[in-house]
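Down below is the structure, laid out as structure tokens.
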Amino acid sequence: MGIEVVVEGLTMSFGKQNIWQDVSLTLPAGEVSVMLGPSGTGKTVFLKSLIGLLKPQQGRVLINGVDMVNSPERDIYETRKLFGLMFQDGALFGSMTLFDNIAFPLREHTRKRESEIRRIVMERIELVGLLGAEDKLPGEISGGMRKRAGLARALVLDPQIVLCDEPDSGLDPVRTAYLSQLLIDLNARIDATMLIVTHNLDIAATVPDNMGMFFRRRLVTFGPREVLLTSDEPVVTQFLAGRREGPIGMSEEKDAALLAAEAAGSASHPAGPRDIVPQLEPSPGLPPRAAVTRRRERVLRMLDQLPPAARAAIRDTYARGAAAPTLTMPAPGSGS
Ligand SMILES: Nc1ncnc2c1ncn2[C@@H]1O[C@H](COP(=O)(O)OP(=O)(O)OP(=O)(O)O)[C@@H](O)[C@H]1O
Ligand SMILES: [Mg+2]
């Protein structure tokens with residue numbers, strides 16, 4: 001089962017450039033989370049900080065009692081083996097076949113026999129739908145296949161925490177839909193804690209249990225998906241709608257005058273309630289996701305602390321899938 005990742009008060013700068021400050025969140029064990037944010041807000045830097053490849057100046061990242069920021073390098077190295085990492089650029093070795101690329105972590109980090117390696121690699125290749133392509137070089141296959149090869153490689157060491165940096169970039173809409181399903185199926189199979197950085201709004205709407213967003217050197221929000229999907233924060237609504245109007249500009253933040261001008265004309269974009277698309281279910285034949293029950297209990301326990309719109313959306317979600325007899329939901333209108 002997946003492992004909880006607790007981030008406390010993380011602050012990161014490169015020289016004088018502050019990337020983000022005081023970031024705190026918990027990735028619940030075995031749940032799927034998505035991180036959004038405009039380009040350059042430090043999402044990749046955040047992923048690298050979780051595995052201890054970058055060292056924030058302040059704060060902690062706790063995994064099984066090991067602090068990936070401040071613990072001895074030996075402990076960090078050991079804990080890093082719990083992770084499977086799918087890089088933004090695929091990061092395959094161009095001169096190696098897909099098979100050898102995917103086998104690489106096993107050959108590097110384990111002493112498994114070649115027959116055992118073959119079994120594991122072929123299993124992962126099948127999982128991501130690349131059977132038959134194992135002898136091809138990365139340059140001979142499409143971008144989408146390279147992405148899936150990167151995912152297969154992230155999975156060979158049976159990771160308990162899976163980090164995916166923009167798994168969808170460069171994929172067509174249909175491939176992206178398959179990828180979304182693949183991520184959910186993967187979670188059902190291995191119950192790993194997953195964090196996906198993406199700009200893709202369909203993935204954001206259908207895959208995660210939890211969502212967060214970076215903007216202006218802060219973690220704007222992180223919590224159950226319903227919170228972000230019903231949020232009125234201008235930066236969140238702008239991002240989710242893919243609009244130019246709002247605080248996010250092309251190169252950096254917009255200046256105040258432009259924002260004021262937009263606000264004056266904002267009647268054309270009323271911030272009405274948005275429909276929440278149901279989360280994807282695992283494909284037929286797969287076990288249910290183990291995190292679903294844990295998540296429901298966790299979220300219902302925190303219901304009182306959530307904004308009213310999110311609360312209503314969560315009640316709606318769980319009322320729709322009302323199969324669970326143990327479900328106890330606060331009556332509508334309780335709380336603030
Ligand atoms: N090793 C580094 N040294 C110095 N600055 C860095 C380093 N890595 C990243 N940065 C800076 O940190 C900022 C955030 O970069 P990051 O790659 O995390 O953004 P991102 O949110 O992943 O963007 P995108 O969505 O485009 O991938 C950028 O300004 C980048 O130049
Ligand atoms: Mg990035």
Considering only strands (runs of 3 or more DSSP E) wholly within segment 1-101, the ones with at least 1 residues that are away from ligand 1 (no atom under 16 Å from the Cβ) and within 24 Å of residue 239 (Cα to Cα) are 17-27, 32-36
Count - residues of segment 166-189 that are touching a residue at least 60 places away in the same chain (Cβ under 8 Å) and not in a loop (DSSP other than H, G, I, E, B)
8
Filtered residue count, segment 216-227, keeping only those that are touching a helix residue (DSSP H, G or I) at 6+ places or on another chain (Cβ under 7 Å), hydrophobic (A, V, I, L, M, F, W, C) and either free of Cβ contacts under 8 Å to residues at least 40 places away in the same chain or surrounded by fewer than 22 Cβ atoms within 10 Å (Cβ to Cβ) (or both)
1
What residue, among those in segment 39-68 that are in contact with a helix residue (DSSP H, G or I) (Cβ under 7 Å, 6 or more places away or on another chain) and in contact (Cβ under 8 Å) with a residue 40 or more places away in the chain, is nearest to ligand 2 (Cβ to nearest atom)?
54
So is residue 163 touching a helix residue (DSSP H, G or I) at 6+ places or on another chain (Cβ under 7 Å) and part of a helix (DSSP H, G or I) or not?
no
Being at pLDDT 90 or above and hydrophobic (A, V, I, L, M, F, W, C) narrows it down to one of 98, 92, so name that one.
98
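The values are calculated or read from the model by the stated rules, or taken from the named source; none is laboratory data. Everything quoted here is computed from the prediction, not taken from an experiment. Methodologically, a virtual Cβ is constructed for each residue, glycine included, from the backbone with ideal geometry; neighbour enumeration extends over all protein chains shown.
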